[in-house]
Amino acid sequence: MTDTTAPRERRRRNSLTEDEILDAAEAVAADGFAALTIRAVADALGASPMALYRYFATKDELVDALLDRVLGRFEFGDESGASGDPRADLDDFAHRHLALLLEHPWAVAALVAHPLPGPNAFPIGERALAILERAGITGDDAVALFSGILALNYGWASFAVSRDEPDAASSMARLFAATAPGLPRTAAVAAEMQRYGSEDHYDRVIARLLHTVG
């Protein structure tokens, strides 16, 4: 039997825009970052891979642009409305950063691997350093505390994402049922351990991390 299906028409190379490519790349990444390739994005756009190379010569360039786009969505709030309490401002900053990661779960591991994907990373750090400066924390101490917040948030976002996966809670419960009896301290907090990555646990941990600020 002869296949009469008309071939899919490819878009012309000069008909694409960078924003269209990044929109398609984000949609592909949201379904599984490992599947993000130039060809997958081109297929989503109905274009040839060569049409994308005009904008992004390699997959790494595409990934960096996509991650920089995510960081550009960081909600800074109103700097003029700083509370006057550096600890409260830094707590707000940390929560805003974590919220950005949780809104883009596919990007968490990629951002760990590409911590400075583009210029949008630097204003985020500048905001944190400004808050720390108001608290009298500068130089190496400021970098250490800022790095600690980022490390906590990337790790916490990874926990939260995995916790929200289907059957995560039941899998954790089965694991504890199988291993906790010989570990009395672990068995005593089995229920609490199943809440790893929760919002209230994060509130407690970030409060402890920031207790010396201000």
Checklist entry - Listed residues A173, A169; which is assigned to a helix (DSSP H, G or I), aliphatic (A, V, I, L, M), more than 23 Å from the chain's Cα centre (by Cα) and at pLDDT below 75? => result A173
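Looking at the structure I just gave you, is L145 part of a helix (DSSP H, G or I), of a type outside the set (V, I, T), closer than 30 Å to F33 by Cα and in the same structural domain as R87 (by TED's automatic domain parsing)? Steps first, please.
Details: part of a helix (DSSP H, G or I): yes; of a type outside the set (V, I, T): yes; closer than 30 Å to F33 by Cα: yes; in the same structural domain as R87 (by TED's automatic domain parsing): yes.
In short, yes.
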Checklist entry - Would region 62-79 turn up any residue that is without any contact (Cβ under 8 Å) to a residue 24 or more places away in the chain and small (G, A, S)? => result yes
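Conditions tested, residue by residue: (1) buried (at least 17 other Cβ atoms within 10 Å of the Cβ); (2) not charged (D, E, K, R).
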position: L116; (1), (2): no, yes
position: I124; (1), (2): yes, yes
position: R134; (1), (2): no, no
position: L152; (1), (2): yes, yes
Checklist outcome for this item: So, first residue at negative phi in region 18-42, second residue surrounded by 20 or more Cβ atoms within 10 Å (Cβ to Cβ) and among the basic types (K, R), Cβ within less than 8 Å, six or more apart or across chains; the pairs are L22/R69; E26/R69
Checklist outcome for this item: (1) over 21 Å from S158 (Cβ atoms); (2) buried (at least 16 other Cβ atoms within 10 Å of the Cβ) all hold for D78 apart from (2)
Checklist entry - For region 62-90, how many residues meet the condition of being under 18 Å from the mean Cα position of the chain (by Cα) and assigned to a helix (DSSP H, G or I)? => result 10
Item to check | Matching residues in region 37-47 - criterion: being within 14 Å of T17 (Cα to Cα) and either touching a Phe, Trp or Tyr at 6+ places or on another chain (Cβ under 8 Å) or not in a helix (DSSP H, G or I) (or both) | outcome: G46, A47
Item to check | Hits in region 110-123 - residues which are under 18 Å from S147 (Cβ atoms) and assigned to a helix (DSSP H, G or I) | outcome: L111, V112, A113, A121, F122, P123
Checklist entry - Which members of region 92-103 meet the condition of being surrounded by 15 or more Cβ atoms within 10 Å (Cβ to Cβ) and free of Cβ contacts under 8 Å to residues at least 40 places away in the same chain? => result D92, R96, L100
Checklist entry - Listed residues D68, D43, D89; which is outside the structural domain of Y202 (by TED's automatic domain parsing) and surrounded by 16 or more Cβ atoms within 10 Å (Cβ to Cβ)? => result D68
Checklist entry - How about region 29-40: which of its residues are surrounded by 15 or more Cβ atoms within 10 Å (Cβ to Cβ) and either in the same structural domain as V112 (by TED's automatic domain parsing) or closer than 19 Å to V112 by Cα (or both)? => result A29, F33, L36
Checklist outcome for this item: Being at pLDDT below 95 and in a helix (DSSP H, G or I) narrows A34, A27 down to just A34
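The values are calculated or read from the model by the stated rules, or taken from the named source; none is laboratory data. Keep in mind the model is a prediction, meaning the values are calculated, not measured. Note: ideal-geometry Cβ built from the backbone for every residue, glycine included; neighbour counts use all protein chains shown.
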